[in-house]
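The values are calculated or read from the model by the stated rules, or taken from the named source; none is laboratory data. In this text the structure is predicted, and so the values were computed from the model without any measurement. Neighbour counts run over all protein chains shown; Cβ positions are idealised from the backbone, glycine included.
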Amino acid sequence: MTIRSHRPRLRLAAVVLTVAATFAAGLAVAARTGTAEAALVSTVEDEGADCPVPALPDAGSLPTNAKLPDPFKRLDGTRIATKSDWRCRREEVKKLAEKFVYGEKPGKPQSVTGTVSGSTITVNVTHNGKSASFSAGVSLPSGTGPFPAVVVLGGFGADTAAIRAAGAAVINYDPYAVGKEGTPRNNKQGAFYSIYGSTSQTGLLMAWAWGVSRIIDVIAQSGGNVLRADGVGVTGCSRFGKGAFVIGAFDQRIALTMPIESGSAGVPIFRGIPGEGAQSLSSAYGEQPWLGDAFGTFTGSPNRLPVDTHEMVAMVAPRGLFIMDNPHIANLGPRSASVAALGGAEVYKALGAGANITYWSDIQDGNHCANRAEWRVPLQQHIAKYLLGTGNETGTIRIAAKAQGRLSDWSDWQTPVLSDSQSPSPSRSVSPSASVSASPSASASPSVSPSVSPSVSPSVSPSVSPSASQQPGRGCSAVLTVQNVWDGGFVVSVRVTAGAAAISGWTVRLALPGATVTNLWNGRLTGTDVSNATWNGSLGAGAATEFGFQGTGPATGLAATGCTAA
């Protein structure tokens, strides 16, 4: 995600509603994704570790394909035919994602020890003569344990009060202790890089995932007196939503994965981000070393990727997945995120686990990472089903019409009917698993299965013209575009372009009549001036970078009034 906050614990107050009130709020009827079926949680981090994986292609030999890769097609060109085939096909997807997107996630180190109490988890790791330690806070619910637990990244995820009220503990995980932001790619810092080296090509998201896996190791070794290793969920919002998504995809011991508003480098399909106006891939790659170093060659050509995020969604299958998104901020890529969910849902359905995935962007509050009334009840239902084993709520797809993606626009493959035996099975078209309720204003494709609701933010301006500041003699120019507007707030992107000569830094003067910047990314704010971050100041002749911000107040009159180069 692109929106940066240095105060992650600043939250809107949660609004508590009953089930009846929540589901009678006049929203569209949800389309059910399948029959209820318990999630299959593994006792090991990677079930397919023993699967033989063919040699992966080299980056230079990858063909261009604007369609999403077929998740059912093996590297050897054949398609899987049985549900049991998915175990090794998933391992292929994992290896592709590691090589081209996130960097490698090493397996369990030689030694993992630690302690679990009602207030703290300690983790001590030793591998190849190198050691590192980190800890996480624990907050228990009322009652008698052992308890399931939800790992909350950076104190910034699903409503922790609702989590504890549902009967699950909260593990407060500081991902920066494992992979620190603000570091260059050749000098990454944190517990992961203390073990595997500061020049490791593995990005922060995968390092954060490795850290949660080590927490689960310690819980599993602790005897289960306080926390249960077979009832672990994970959640995070914004950059921590990216992390939660990767954590759930790459550890099959995670019973419930709940990313929120994850944005570019999170759930949204890479192929869809350039056309949606979301944070660009080059911006997400440059903002922090979230993605692996190898992804740098794909920021301008995502169609060359042999894998995309719909397959990371599929990697979570058949376990519980609850994706929460915000349709009001185009910079988050919600349309592309809905396509990823729809594509991954096809794997869920093929495995007979369609009831285990939920995607929900049908919300009214456009503020980034707010606690929302619409999500409180389903959050607790998901905890009951996947962590406590006491619920059977069926997954749902609720996509707001204003950010509706269509899988048919991105898919040229059919979903097979996977058998329980080794005999081949026919394929079926991508189709709804239940009746579809669609808004008359929505452009629904018959090959898409979401429930599409009317736009819930009538105050959003349909279009805002960009403003530009051109100063040829100063070595750079800036173009400001208002990406999204809602009642009392907005999101803006600013593109900075070097002139005829290379520059080593830049500063953009903003006009913000009556408005206040609340979150800024890819730059540093001083008054109404934004200067470059450490990683995006040097631009070659004619090269460009982007920064952006979320603000409160009117969006009228916003402009970039000057650009000064260093």
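If you go through segment 37-73 one residue at a time, how many are closer than 24 Å to A345 by Cα, surrounded by 14 or more Cβ atoms within 10 Å (Cβ to Cβ) and not aliphatic (A, V, I, L, M)? Of the residues in segment 37-73, 13 are closer than 24 Å to A345 by Cα, surrounded by 14 or more Cβ atoms within 10 Å (Cβ to Cβ) and not aliphatic (A, V, I, L, M). Looking only at segment 219-262, which residues are within 21 Å of the chain's Cα centre (by Cα) and among the acidic types (D, E)? Within segment 219-262, D251, E261 qualify. Residue selection: G366 fails the criterion of being modelled with pLDDT of 95 or more and either more than 19 Å from Q252 (Cα to Cα) or in contact with a Gly (Cβ under 9 Å, 6 or more places away or on another chain) (or both). Within segment 55-111, being modelled with pLDDT under 95 and of a type in the set (S, T, N, Q) holds for one residue alone: S61.
Give me the residue from segment 342-371 that is polar (S, T, N, Q) and closer than 15 Å to G320 by Cα and, out of that set, surrounded by the fewest Cβ atoms within 10 Å (Cβ to Cβ). My answer is T358. Across segment 113-132, the qualifying residues are those that are in contact with a strand residue (DSSP E or B) (Cβ under 9 Å, 6 or more places away or on another chain) and of a type outside the set (S, T, N, Q), and the one among them that is nearest to Y173 (Cα to Cα) is I121. Here D76 fulfils each of the conditions (1) surrounded by 14 or more Cβ atoms within 10 Å (Cβ to Cβ); (2) assigned to a loop (DSSP other than H, G, I, E, B) apart from (1). When A161 is tested against (1) touching a Leu at 6+ places or on another chain (Cβ under 6 Å); (2) at pLDDT below 95; (3) surrounded by fewer than 24 Cβ atoms within 10 Å (Cβ to Cβ), just one condition goes unmet, and that condition is (1).
So that you can scan it fast, the table gives a plain yes or no per residue for (1) part of a loop (DSSP other than H, G, I, E, B); (2) within 29 Å of G129 (Cβ to Cβ); (3) in contact with a helix residue (DSSP H, G or I) (Cβ under 6 Å, 6 or more places away or on another chain); (4) among the aliphatic types (A, V, I, L, M):
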position: R164; (1), (2), (3), (4): no, no, no, no
position: F192; (1), (2), (3), (4): no, yes, yes, no
position: T199; (1), (2), (3), (4): yes, yes, no, no
position: G211; (1), (2), (3), (4): no, yes, no, no
position: A220; (1), (2), (3), (4): no, yes, no, yes
position: G243; (1), (2), (3), (4): no, yes, yes, no
position: V246; (1), (2), (3), (4): no, yes, yes, yes
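Per the listing A249, A278, A244, A209, the residue uniquely of a type in the set (A, V, I, L, M, F, W, C), farther than 19 Å from A158 by Cβ and either assigned by TED's automatic domain parsing to the domain that holds K188 or buried (at least 24 other Cβ atoms within 10 Å of the Cβ) (or both) is A278.
A search for C-beta distances below 7 Å between a residue of segment 194-205 that is crowded, with 24+ Cβ neighbours inside 10 Å and any residue that is at pLDDT below 95, counting only pairs 6+ apart in sequence or on different chains, returns nothing. Could you check, for segment 486-506, whether at least one of its residues is of a type outside the set (S, T, Y), under 30 Å from G395 (Cβ atoms) and modelled with pLDDT under 90? Scanning segment 486-506, I find at least one residue that is of a type outside the set (S, T, Y), under 30 Å from G395 (Cβ atoms) and modelled with pLDDT under 90, so the answer is yes.
Pairs meeting the criteria (first residue in segment 486-512 and farther than 25 Å from P327 by Cβ, second residue among the polar types (S, T, N, Q) and assigned to a strand (DSSP E or B), beta carbons under 6 Å, at least 6 apart or on different chains) are V496/T545; T497/S477; G505/N532; W506/N532; T507/S531; T507/T564; R509/T561; A511/T561. Being surrounded by fewer than 17 Cβ atoms within 10 Å (Cβ to Cβ) and under 30 Å from the mean Cα position of the chain (by Cα) is the filter; apply it to segment 530-543 and report the residue that is nearest to R185 (Cα to Cα). That would be T534.
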